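The values are calculated or read from the model by the stated rules, or taken from the named source; none is laboratory data. Quick caveat, the model's predicted, so the values are computed rather than measured. Every residue, glycine among them, receives a Cβ derived from its backbone with ideal geometry; neighbour counts consider all protein chains shown. Calculation scope for accessible area: heavy atoms of the full protein, side chains included, ligands and nucleic acids excluded. Shrake-Rupley method; radii C 1.70, N 1.55, O 1.52, S 1.80 Å.
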Amino acid sequence: MIEWFSWLQAGTAILAGLFCLIMGAIGKKPNDLTLGAVILVELLLIVQVVMAIVAPFLGNTPTGHPLEFWAYLVSAVLIPPLAAFWGLVERNRWSTVVLGAACLAIAVMVLRMNQIWFVQMV
């Protein structure tokens, strides 16, 4: 895993979350920009899945418990499509707030995964 990628991913999720929360606060329904922000977060998560699969073969293993890491990663990968689906079905300002909350939750998960991979000692 590459540590700077985790920080880039967390920053992107935070910015996307704040953007969606602001759009929801001013009464905007989910649109292409808010859904695009969530899709960007999901694409970065998919890249992280690939990196997490390849990294152990290159000798870069997590310092924490791998099961905890994968539980966070699988959960994080499932959240954006579910939030986007709900945003498309409901189409109200609260759906945009849910998209923002989902992105902020993913940012916390990414930071925890970063800690498991690089910092935590078994």
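Before moving on, here are some points about what is shown:
- Per residue of the chain, the DSSP helices (runs of n ≥ 4 H) give a summed -39500 (n - 2.57) that works out to -27000 deg cm²/dmol at 222 nm.
- Nearest 10 degrees, 0 to 90: helix 93-114 Cα axis against the chain principal axis: 10 degrees
- Highest average packing first - 91-103, 49-61, Cβ atoms within 10 Å: 91-103, 49-61
- Apportionment of accessible area to carbon and sulfur, the range 1-93, percent (1.4 Å): 76 percent
- Separation of the I53 and W94 label points, Cα + 7 Å toward Cβ, nm: 3.8 nm
- Residues of the chain: accessible area per residue with a 1.4 Å probe, Å²: 54 Å²
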